[in-house]
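Only one structure is covered here, and it is reproduced in the block below.
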Amino acid sequence: MNINLISDTVTKPTPGMLKAMMTAEVGDDVFKADPSVNALEKKVAEMFGKEAALYFPSGSMTNQTAIKLHTNPGDQLICDKYAHVYNYEGGGASFNSGVSCKLVDGHRGMMTAEQVEAAINPPDFYHSPLTSLVCIENTTNKGGGACWDFEELKKIKAVCEKHNLGYHLDGARLWNALVVKKNRPNSTENCSTLSASV
Ligand SMILES: Cc1ncc(COP(=O)(O)O)c(C=O)c1O
């Protein structure tokens, strides 16, 4: 067997996945007539306690759309120095939304709520870009698959509410985080390693 660990994106569908694709009920998503997409959106909205969910075919597209929705041109978002939205995605945050990124020196791609609050620009100082969004990533890509402590995520949410900021989760590997936290609730270890052992 040939095992390529360069990225999880090089994996190929299993026979079971291919069968599911071939036998899936399909329809025109533009008219909300794709039963599989509708079922997925409903399930995810219920899982996360949201009014609705929207399926996007790629993580970058999801992030870029979220940044656009949460910001206005000239604004600034806060993210860890390792964030995918800053390091990758072809500078899309600046091109698509006209925003800059304030980088936080976190640990393995994870910031503390105190660091986030300290990175907010004073809203009444018009020389600085207006801070309007906080972006986090779970698990972290460049941080080597580290999982956030859920309590810290809640503290950051409180900071966002206090300062009226949007809060976006890049959940490209959220399922990995959920599996690990279910099995080892206090772990902030590397999910890639852990998910192999759960
Ligand atoms: C944290 C994170 N966000 C976004 C993406 C982009 O996902 P996609 O390749 O589906 O655009 C990746 C891809 O590996 C990622 O690791």
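The values are calculated or read from the model by the stated rules, or taken from the named source; none is laboratory data. Quick caveat: nothing in here was measured; it's all calculated off a predicted structure. Please note: Cβ atoms are built from the backbone with ideal geometry, for glycine as well, and neighbour counts cover all protein chains shown. The area values use the complete protein model at the heavy-atom level, side chains included, leaving out ligands, DNA and RNA. Shrake-Rupley method; radii C 1.70, N 1.55, O 1.52, S 1.80 Å.
Quick rundown of the values:
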read-out: On Cα atoms only, tilt of 59-70 relative to the major axis of the chain in degrees; value: 40 degrees
read-out: Segment 13-55, relative contact order in percent, only Cα pairs under 8 angstrom and at least six apart counted; value: 22 percent
read-out: Counting DSSP beta bridges with both ends in the chain, the antiparallel % (nearest 5); value: 15 percent
read-out: Exposed GluC sites (Glu not before Pro) absent - longest run of the chain, DSSP non-H/G/I/E/B, at most 12 other C-beta within 10 Å; value: 52-198
read-out: Computed Rg/Rh of segment 125-189, alpha carbon atoms with Kirkwood Rh; value: 1.07
read-out: Lys/Arg +1, Asp/Glu -1 at C-beta; segment 58-197 dipole; positive extreme among VAL134, MET61, ALA113; value: MET61
read-out: Length-normalised contact order of the chain in % [C-alpha pairs under 8 Å, at least 6 apart]; value: 16 percent
read-out: Nitroxide proxy distance, nm - points 7 Å out along Cα→Cβ at ASP124 and LYS182; value: 4.9 nm
read-out: Within the chain, longest stretch free of exposed trypsin sites (Lys or Arg not before Pro) [DSSP loop, at most 12 other beta carbons within 10 Å]; value: 51-198
read-out: Of LYS19/LYS182; LYS50/LYS154; LYS68/LYS182, pairs whose Cα-Cα distance is over 22 Å; value: LYS19/LYS182; LYS68/LYS182
read-out: Simple label model, 7 Å out from Cα along Cβ direction - ALA52 to THR65, nm; value: 1.1 nm
read-out: Calculated diffusion of segment 43-198, Stokes-Einstein form, Kirkwood radius summed over Cα pairs, 10 °C and 1.306 mPa s, µm²/s; value: 99 µm²/s
read-out: Vicinal HN-Hα couplings computed from phi for segment 104-112 (Karplus, 6.51 cos²θ - 1.76 cosθ + 1.60; Hz; Gly/Pro x); value: 10, 8, x, 10, 6, x, 10, 9, 9
read-out: Per residue, the convex hull volume that the Cα atoms of segment 13-55 enclose (Å³); value: 81 Å³
read-out: Within a Gaussian network of the chain (alpha carbon springs, distance under 10 Å), most fluctuating of ALA93, ALA39, ALA146; value: ALA39
read-out: Largest-first ordering by accessible area, 1.4 Å probe, given options PHE150, PHE31, PHE125; value: PHE31, PHE150, PHE125
read-out: ILE6, ILE78, ranked by accessible area, largest first (probe 1.4 Å); value: ILE6, ILE78
read-out: Label-point separation, ALA20 to ILE6 (7 Å along Cα→Cβ), nm; value: 2.6 nm
